[in-house]
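The values are calculated or read from the model by the stated rules, or taken from the named source; none is laboratory data. On a predicted model such as this, the values are computed, not experimentally measured, just so you know. For neighbour counting, all protein chains shown are included, and Cβ atoms are generated from backbone atoms with ideal geometry for every residue, glycine included. Surface areas here come from the heavy atoms of the whole protein model, side chains and all, with no ligands, DNA or RNA. Shrake-Rupley method; radii C 1.70, N 1.55, O 1.52, S 1.80 Å.
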Amino acid sequence: MQGGLEGYDLIGDVHGCGATLGSLLERLGYHQRGGVYRHPRRKVIFLGDLIDRGPRIRLAVSIARRMVEEGEAHIVMGNHEYNALAYCHRAPGSLGREWLREHTPRHNRIIQETLQQYRDHPQEWEEALAWFLDIPLCLELDGLRVVHACWDQPLVEALRREHPDGRIDEDFLAASVVPGTLEFRILDRLTRGIHVPLPEGVEIQSGDGFTRRSFRAHFWARQPQTWGDVIFQPDNLPDDLERRELTDEERSRLSYYGPEQPPLFIGHYWCEGIPALPAANIACLDYSAVKFGRLVAYRWSGEPTLDANHFVWIRVPREEQVRPQPWEIDFD
């Protein structure tokens with residue numbers, strides 16, 4: 001690492017827990033100078049999903065944006081930043097609708113807390129959206145990789161052929177809402193991960209009341225055979241579906257990140273409990289901060305094999321916890 005930099009502190013999904021983010025940064029040894037959190041020898045990497053759900057969304061965005069713009073941090077785009085961009089960008093006439101992300105009741109509810117907190121600050125919201133569009137989808141620097149949900153090497157390479165810095169533009173954004181396009185596949189896989197549909201008529205009733213018709217699959221199982229080999233979410237599959245064999249078609253849709261690859265940091269997956277490593281070279285840092293969980297960081301100092309002792313976290317205090325209604329949870 002260049003210039004005396006000792007390493008990076010990677011921080012998972014904040015979801016509007018702005019005050020807790022400030023507390024975590026201070027625990028990590030960052031202190032405000034000139035309105036920006038700084039560390040003499042380290043930098044932060046945010047894993048996306050700064051917005052939605054929590055009570056201090058503007059604060060979370062402000063802290064991260066100032067750090068990035070001052071060179072004290074990096075960030076990758078989460079699916080919630082992407083959702084906000086698509087929700088607030090008008091669609092071309094060829095799509096036959098007004099907005100890239102349709103303003104359905106469900107989509108309205110997902111973003112309503114963010115829009116409410118920016119309601120009296122429209123210029124600030126426009127600036128935030130412009131900044132979201134400038135956030136790369138993935139990062140690879142100093143021997144580590146960062147993406148919000150899933151590192152899929154062929155899709156990362158496809159992105160970089162047209163966008164070497166990983167940043168999309170408005171044309172890419174518009175194409176990404178059309179299923180089947182390369183832009184859709186890149187955005188969907190990198191920011192939302194892999195979903196395996198459940199059998200017809202089968203649903204998962206989540207502990208928070210959300211009904212799911214697919215499950216999230218991880219991407220570090222070598223030669224997986226069953227659904228249970230790849231499931232990665234808080235809820236168990238019903239009945240004996242964990243023993244169900246993956247079909248060739250399902251297996252072909254999976255990504256694979258092998259143990260020989262550089263350390264990878266992801267968010268997105270609403271993990272629970274004490275932070276742990278799902279693989280020796282992969283750390284998930286989303287521990288349901290806004291849903292009665294923890295805001296989690298990993299202190300990385302160049303090690304090729306990750307160490308669970310390097311997790312640092314803060315339990316989110318009651319005033320920053322929001323018990324979402326079931327229809328407000330967005331797992332896509």
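A few points about this structure:
- Evaluation of Arg97 against the conditions (1) within 29 Å of Tyr8 (Cβ to Cβ); (2) open to solvent by 50 Å² or more (accessible area, probe 1.4 Å) shows that the sole unmet condition is (1).
- Subset of segment 51-100 [more than 22 Å from Ala149 (Cα to Cα), touching a strand residue (DSSP E or B) at 6+ places or on another chain (Cβ under 7 Å) and part of a helix (DSSP H, G or I)]: Ile63, Arg66, Met67
- In segment 6-50, counting only strands (runs of 3 or more DSSP E) that sit wholly within it, the ones holding 1 or more residues that are in contact with an Asp or Glu (Cβ under 6 Å, 6 or more places away or on another chain) and touching a residue at least 12 places away in the same chain (Cβ under 8 Å) span 36-38, 42-46.
- Inspection of segment 114-125 finds no residue satisfying the criterion of being aliphatic (A, V, I, L, M), touching a residue at least 60 places away in the same chain (Cβ under 8 Å) and more than 18 Å from Leu187 (Cα to Cα).
- Residues satisfying the stated conditions in segment 173-183, i.e. without any contact (Cβ under 8 Å) to a residue 40 or more places away in the chain and within 19 Å of the chain's Cα centre (by Cα): Glu183
- Answer residue from segment 304-316, given it is at pLDDT 95 or above and in contact with a strand residue (DSSP E or B) (Cβ under 7 Å, 6 or more places away or on another chain) and is most open to solvent (accessible area, probe 1.4 Å) among those: Trp313
- Residues in segment 279-303 that are at pLDDT below 95 and either farther than 15 Å from His148 by Cα or open to solvent by 20 Å² or more (accessible area, probe 1.4 Å) (or both): 5 in all.
- Candidate set from segment 171-207 (those that are among the hydroxyl-bearing types (Ser, Thr, Tyr) and in contact with a helix residue (DSSP H, G or I) (Cβ under 6 Å, 6 or more places away or on another chain)); member that is nearest to Tyr87 (Cα to Cα): Ser176
- Flag for Ala73 being closer than 24 Å to Leu187 by Cβ, buried (at least 21 other Cβ atoms within 10 Å of the Cβ) and not β-branched (Val, Ile, Thr): yes
- Looking only at residues in segment 258-278 that are in contact with a His (Cβ under 9 Å, 6 or more places away or on another chain) and open to solvent by less than 20 Å² (accessible area, probe 1.4 Å), the one that is farthest from Val76 (Cα to Cα) is Tyr269.
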